[in-house]
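This report refers to the structure that appears directly beneath it.
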Amino acid sequence: MTEQLITSQDGFDELCEHIHECGAVAFDTEFVAEDYFRPRLCLLQFATSQRIAAVDPFEVQDLSAWWSLMTDDATTIIVHGGREEVRFCQHSTGSLPQKLVDVQIAEGLLSRGYPLSYSSLAQRVLNIRIQSHETRTEWRRRPLTEHQISYALDDVRHLPLIWEKQRNQLEKRGRLSWAEAEFERFRGEATRELDAESWRRVSGPRKLNRRAMAVFRELFTWRDRAAEERDRPARSVLRDDLLIEIAKRQPTTNDDATSVRGMQRRDYVRLAPELVDCVQRALALPDDQMPQKKPAPPPVAQNEVLGKVLGIALAQRCAELGISTALVGTSADLQDLVRWDVADNKSGPPPRLMQGWREEVCGDLLSDVLEGKVALRIVDPHADAPLRFEQ
């Protein structure tokens, strides 16, 4: 299969026509994230059953033909841990990929390895070794070397065959629908940090009162806008801890703002008028426009113990089925289940472990454990699945 670096618009458009005819393509990117508001795309890599090519976005200015393919309902896009690829697509088009396959997720439904690196996955599925010596390369520098291009193309070279083998196994085990559901979930979660409530994912504001939360939200929105205008990482404009402290103090003058410890840097001092404006806007909000505090889950003394017991049961079930416990459920998922089943008496929407394919895998078992209908006994300490469930 001939390797190719595409630097012309005509060559890129012709590649997209080829991908459209094939109906499936492996896709990966090289990017630099640490210096920009959004990661800067430096290279795109593609592999079909017939061709493998890299595209230089510094030379090819119009990538719309590719984003159209990525968001249509006819082209299967094969990725490995493709969160940033989904985000590039969403930012470029406002839409998500329609037929996305992530081989890292698929492997978690076929073995106990999740998340596996690409080289480990290729070793497991195809029994081939991939060298990874360019992970810290400077992808913005031009011209790219042949070694860089070859390394980048290795990231997609084997993805079509990996997915072909995984798909056959998923169909054979009746798990293809599980994978499709998990790909769907992954697409949405990959862009969750970009929504209007992303300020809530900073830990500090949870302890603030509603008015201070409104101030923090205003400051957070202002910082994102300023960072985007300057194309800088948001935290390089102003640190999270300073946003939280300003939200607590709610300064009304420039001097008040710069009296906060850590605000004496010259570039921070220049921001004082904008910060005070943010505070004033938030203080002027009517009560019904302030953010709501999300109620903390009621403390249940036995939750920790019950969660650990369920964790043992879940690990045993996943070992029996040969799937990854980490993909099926986290400790937080187990705590949600205990809270829903025990404290809330199954009121409200069911937790994640009681929905979709996860309920099929472990829902009945975990419910039976909580209700005391099942006992766990060690039958073979040396086995992969050393326990047995007994009624």
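The values are calculated or read from the model by the stated rules, or taken from the named source; none is laboratory data. Given the structure is predicted, the values throughout are model-derived calculations rather than measurements. All Cβ positions, glycine included, derive from the backbone under ideal geometry; neighbour counts span all protein chains shown. We work out accessible area using only protein heavy atoms, side chains counted, and drop any ligands, DNA or RNA first. Shrake-Rupley method; radii C 1.70, N 1.55, O 1.52, S 1.80 Å.
At-a-glance table
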read-out	value
Rounded to the nearest 20 debye, dipole of segment 178-222 from Cβ charges on Lys, Arg, Asp, Glu	500
Check: the chain dipole with +1 on Lys, Arg Cβ and -1 on Asp, Glu Cβ, in debye	1600
Cα centroid separation, segment 121-161 to segment 326-390 (Å)	39
Whole-number accessible area per residue in Å² for segment 272-391, which is evaluated in the context of all protein chains at 1.4 Å	55
Segment 96-115 and segment 240-295: distance between their alpha carbon centers, rounded to Å	42
With every protein chain in place, the chain: carbon and sulfur % of accessible area (1.4 Å)	47
Probe 1.4 Å, accessible area per residue of segment 133-262, Å²	55
Identified option (computed percent of Cα pairs over 38 Å apart; candidates (1) 43; (2) 38; (3) 22)	(2)
Eligible lysines near K294 by straight Cα distance, threshold 24 Å, same-chain separation 8 or greater	K207, K248, K346
Within the chain, percent of DSSP bridges classed antiparallel, to nearest 5	60
Helix runs (DSSP H) in the chain reaching 18 Å along axis by Cα, Kyte-Doolittle at least -0.5	303-321
Efficiency of FRET from Cβ geometry, V32 and T330, R₀ 25 Å, rounded to 0.05	0.25
Calculated from backbone phi, Karplus (6.51, -1.76, 1.60) coupling profile of segment 33-42 in Hz, x at Gly/Pro	10, 6, 10, 9, 5, 10, x, 8, 6, 10
Positive dipole terminus of the chain, leading residue within Q45, Q148, G311 (C-beta point charges)	G311
Proximal lysines relative to K99, as straight alpha-carbon distance under 29 Å, when same-chain residues fewer than 8 apart are discounted	K165, K172
Solvent exposure of segment 1-90 as accessible area per residue, Å², 1.4 Å probe	41
Accessible-area order (highest first, 1.4 angstrom probe) of the listed residues R239, R249	R249, R239
Amide H within-cut-off set for I6, under 5 Å, with H built and near neighbours excluded	A54, V55, D56
